[in-house]
Ligand code: SF4
Ligand code: ZN
């Protein structure tokens with residue numbers, strides 16, 4: 001791509017942004033990337049001055065790049081950052097990314113708190129998978145969200161920053177439609193902030209395509225461990241990801257259009273459902289808030305329900 005000039009400054013380009021019909025050189029790409037991040041934070045009013053933000057840090061490229069960008073934002077806007085990492089207990093995978101998380105937090109002088117599935121429930125994810133009929137990603141998602149929320153609340157955080165990128169968000173929208181989960185879909189962008197036990201979530205990378213995060217990390221010299229979770233092959237998400245990438249290749253801008261449609265639809269859907277769909281119940285076992293109607297599950301949250309099944313299955 002070196003023979004194509006940067007659409008902004010005319011230097012040799014290194015990146016083709018097909019969805020925007022632009023080629024950019026390294027310098028213009030870095031500046032475009034960072035500006036989009038800051039603009040997204042403003043657009044959705046994600047962060048207010050002096051807020052305490054808990055950064056969900058897996059040590060993968062998305063959360064590490066988000067940590068760097070939030071740390072950059074902190075130079076302009078007064079805010080507090082803490083990082084929370086969850087060790088699910090996945091042999092041969094998580095230790096690698098946790099080492100990256102620890103190194104980057106040290107570098108940026110951001111305190112890090114590490115929580116483990118084992119300490120919370122008595123089981124690693126590997127052990128859960130052996131005992132349960134549920135799919136690894138379902139178990140992982142429920143226990144991770146639960147721990148992150150609890151830890152962020154204990155840290156008195158105002159928000160949890162999640163490193164979901166445009167690809168993740170577009171995949172999640174399609175997955176919820178395909179699974180007929182309209183309430184999950186609506187809660188996705190602006191979740192349950194009315195209950196004080198839920199720490200609101202923000203997704204500052206939601207307009208950033210996944211590929212560009214890897215390019216940015218490379219250009220900024222941010223060292224990332226590129227490893228894939230051994231359970232990823234089982235996931236429905238992986239199937240959707242492949243299909244969406246093929247469509248994006250043929251029809252650039254598809255992912256942005258899915259997000260754009262969703263943001264528009266979400267406003268209307270939320271108005272229509274107000275009052276009845278966002279009741280929050282509190283689990284009768286652990287007392288944590290639950291977005292599902294707990295009465296339906298005998299007053300028990302999904303985390304405690306799965307945990308009870310895990311203990312029984314053994
Ligand atoms: Fe958890 Fe599934 Fe992601 Fe692995 S691929 S970290 S099991 S959600
Ligand atoms: Zn519970």
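The values are calculated or read from the model by the stated rules, or taken from the named source; none is laboratory data. Bear in mind the structure is a predicted one, so any value in this text is a computation, not a measurement. Quick reminder, even Gly has a Cβ in these numbers, built from the backbone with ideal geometry, and neighbours come from all protein chains shown.
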Check: What residue, among those in segment 131-157 that are modelled with pLDDT of 95 or more and in a loop (DSSP other than H, G, I, E, B), is farthest from ligand 1 (Cβ to nearest atom)?
Finding: 156
Checklist line | Selected residue (only one of 33, 29 is touching a strand residue (DSSP E or B) at 6+ places or on another chain (Cβ under 7 Å) and within 19 Å of residue 210 (Cβ to Cβ)) | finding: 29
Note to self: Looking at the structure I just gave you, is residue 92 modelled with pLDDT under 95 and either within 19 Å of residue 202 (Cβ to Cβ) or in contact with a helix residue (DSSP H, G or I) (Cβ under 7 Å, 6 or more places away or on another chain) (or both)?
What the structure shows: no
Next item on the list: Please indicate, with yes or no, whether at least one residue in segment 211-224 is without any contact (Cβ under 8 Å) to a residue 12 or more places away in the chain and closer than 30 Å to residue 127 by Cβ.
Entry: no
Notebook entry, point to check: Quick one: residue 197 ticks every box in (1) more than 19 Å from the chain's Cα centre (by Cα); (2) closer than 13 Å to residue 56 by Cβ bar one, so which box is it?
Noted result: (2)
Checklist line | Restricting segment 121-130 to residues that are surrounded by 16 or more Cβ atoms within 10 Å (Cβ to Cβ) and part of a helix (DSSP H, G or I), the residue that is nearest to ligand 1 (Cβ to nearest atom) | finding: 125
Next item on the list: Only strands (runs of 3 or more DSSP E) wholly contained in segment 1-103 count here; list those with 1 or more residues that are under 17 Å from the mean Cα position of the chain (by Cα), surrounded by 20 or more Cβ atoms within 10 Å (Cβ to Cβ) and on the phi < 0 side of the Ramachandran plot.
Entry: 52-56, 80-87
Next item on the list: List every residue pair whose Cβ atoms sit under 8 Å apart, with the two residues 6 or more apart in sequence or on different chains, where the first one lies in segment 296-314 and is crowded, with 16+ Cβ neighbours inside 10 Å and the second, anywhere, is part of a loop (DSSP other than H, G, I, E, B) and modelled with pLDDT under 85.
Entry: 301/292; 302/292
Checklist line | Breaking point among (1) modelled with pLDDT of 95 or more; (2) under 30 Å from residue 51 (Cβ atoms); (3) more than 16 Å from ligand 1 (Cβ to nearest atom), for residue 210 | finding: (3)
Checklist line | Complete set of residues in segment 268-295 that are surrounded by 12 or more Cβ atoms within 10 Å (Cβ to Cβ) and at pLDDT 75 or above | finding: 281, 282, 283, 284, 285, 286, 288, 289, 290
Notebook entry, point to check: Checking residue 260 against (1) within 16 Å of ligand 2 (Cβ to nearest atom); (2) surrounded by fewer than 14 Cβ atoms within 10 Å (Cβ to Cβ); (3) at pLDDT 90 or above, which test does it fail?
Noted result: (1)
